[in-house]
1. Which whole-number value in Å² is the accessible area per residue of the chain, probe 1.4 Å?
2. If amide hydrogens are placed 1.01 Å from N in the peptide plane, which non-local residues have theirs closer than 5 Å to the one on G460?
3. Contour minus end-to-end for S400 and N75, with contour as 0.36 nm per residue of separation and end-to-end as the Cα-Cα distance?
4. Check which residues have an amide H placed less than 5 Å from V316's amide H, if you skip close sequence neighbours.
5. Quick test of the membrane-span-like rule: which DSSP H helices of the chain reach at least 24 Å along their long axis (C-alpha atoms) with mean Kyte hydropathy at least -0.5?
6. Report in % the part of the accessible area of the chain that belongs to carbon and sulfur, leaving out ligands and nucleic acids; probe 1.4 Å.
7. Looking at the chain, what % of its DSSP beta bridges pair antiparallel, to the nearest 5?
8. Return, ordered by residue number, the residues of region 130-165 whose backbone nitrogen is under 13 Å from a label point located 7 Å along Cα→Cβ of T305.
Amino acid sequence: MEAPCSPPTAGKFVVVGGGIAGVTCAEQLAINFPSEDILLITASPVIKAVTNFKQVSKVLEEFDVEEQPSTMLENRFPNIKVIESGVKQLKSKEHCVLTEDGNQHIYKKLCLCAGAKPKLICEGNPYVLGIRDTDSAQEFQKQLTKAKRIMIIGNGGIALELVYEIEGCEVIWVIKDKAIGNTFFDAGAAEFLTSKLIDEKPEAKIAQKRTRYTTEGRKKETQARASAGNVGSALGPDWHEGLDLKGAKEFSHKIHIETMCEVKKIYLQEEFRISEKKSLTFPRDHHDQSVTTDKEIWPVYVELTNEKIYGCDFIVSATGVTPNTEPFLCGNNFDVGEDGGLKVDDHMHTSLPDIYAAGDICTAAWHPSPVWQQMRLWTQARQMGWYAAKCMAAASVGESIDMDFSFELFAHVTKFFNYKVVLLGKYNAQGLGSNHELLLRCTKGQEYIKAVLQNGRMMGAVLIGETDLEETFENLILNQMNLSAYGEDLLDPNIDIEDYFD
Ligand SMILES: Cc1cc2nc3c(=O)[nH]c(=O)nc-3n(C[C@H](O)[C@H](O)[C@H](O)COP(=O)(O)OP(=O)(O)OC[C@H]3O[C@@H](n4cnc5c(N)ncnc54)[C@H](O)[C@@H]3O)c2cc1C
Ligand SMILES: NC(=O)C1=CN([C@@H]2O[C@H](COP(=O)(O)OP(=O)(O)OC[C@H]3O[C@@H](n4cnc5c(N)ncnc54)[C@H](OP(=O)(O)O)[C@@H]3O)[C@@H](O)[C@H]2O)C=CC1
């Protein structure tokens, strides 16, 4: 039996989670209340700090992310105290959290930033790996060094990055869709990128390191914690730069894409041998879809819904994430979104008193701007953590604040296949139905530009390559200027639209 928590008289601001959302929230609270103690409770031995933050334009932002020992955060903010211990239970009625180290902490306001975990196609199968934190990335790298063929399931961010980065190992990439990268791109952009993947061998990778994960020094400690079932913070931009993603073979890239199918059944080697004789498929290159028989013995076999069966060394399930709410939030009556996240209102407040949430753990349940949507991304984790702290501070002194400007427009800058990728607003015409038009400009191997217009107003854009258009397009989406008169001139390469609209 746990001892009951004492009444919430001397409560503090408490933040749970040492990822970007939690650390940003704690820092902001520390700045707002320099004479109060802020408690950051985290299951991971290191925290993630935003450094070199740069507001590139009104909404677009760039920053580096550093994994740091928690003492560095405490040194920068003497009123932040970090407790390295997982929360095992929240007692919301008593305003109290219990930690694995046996302590209890009373809060006056609490922000939950416990992130998310990989949603695997098959839990508990040792041949199915998910990638989330430094430890799981290292485990993946270790397995890859011995692998001759792997299968990647999923068509989002992680899959896109892996298929481009992995060398010396055949990759069977299984996607539910017709085209690659469905969470970020339409078929046009996918085709633009596919040619880079299939036709070209990536040259020596251009150094684009913004984040480095140096973990040698803390390996032992991390392993001890990992075995205790604790989770680390999510990786982020350039997470693979510090890893040598090379398989057991000598060739560079060998990718075979299976479209419009999913995994039907996974067989371990023994199960497969004794199962009815099924004919194995041998991956050919992308243009040759003929089927031959595979003589190799593989540790694991995967039957797809298109009836093909492939043997491989292991499977990467890059199939999205599930918010981290269990088991520590069980027994509390939170309103939860369809994706399993804690629903938050436009002040990042959950359905329970004095409890806020930010980052991957939460589901935005407010009525959003017509050109914003939630995606579980680094930038949104930072913006939500920052804004949650502002809301907690305002509420605790009885003030009200307006929604932060960053939620006016969805904006994401990233890199896929070594191209700069900028996504703005309803970049894939999400939710616009058929009432929209697309303007496109594409130069193979160089740039792909798509503007989404509705009733003459720009609602979103995809910019791949060094287009230099992000700021102009951001302004056009924000000011909702009627662009009907410009028609296709908008993307005419001979017209400098930056000058046009400035
Ligand atoms: C491989 C990979 C690549 C990515 N690449 C990009 C990218 O290029 N661009 C981008 O924008 N986003 C990217 N993302 C997504 C991005 O990393 C996440 O959206 C973001 O880091 C989420 O931050 P967070 O603070 O909400 O959660 P997390 O970073 O997951 O942090 C959660 C924290 O909570 C702690 N915690 C969990 N449970 C408990 C508990 N019970 N008690 C105490 N503490 C707990 C964890 O230890 C951790 O410190 C990537 C994600 C992955 C996995
Ligand atoms: N550069 C960047 O911005 C990056 C961002 N990230 C972020 O990290 C997080 C984790 O990445 P990731 O795992 O790639 O998640 P994503 O949400 O990006 O993509 C998941 C993909 O898996 C598919 N999928 C889901 N369930 C199944 C299934 N059972 N079988 C086959 N396919 C399935 C989804 O299809 P459908 O959508 O149709 O369900 C989707 O294509 C995400 O929040 C992502 O945004 C990760 C890497 C890079």
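The values are calculated or read from the model by the stated rules, or taken from the named source; none is laboratory data. The shown structure was predicted, so the numbers you read here are calculated from the model rather than taken from an experiment. Every residue, glycine among them, receives a Cβ derived from its backbone with ideal geometry; neighbour counts consider all protein chains shown. With ligands, DNA and RNA removed, areas are computed over all heavy atoms of the protein, side chains included. Shrake-Rupley method; radii C 1.70, N 1.55, O 1.52, S 1.80 Å.
1. 45 Å²
2. K426, V452
3. Net length gain for the segment: 113.9 nm.
4. It is L129, M151, I152, I153, by chain and number.
5. 378-396
6. Within the chain, the accessible surface is 49 percent carbon and sulfur.
7. Close to 60 percent.
8. Residues 154 fall inside that zone.
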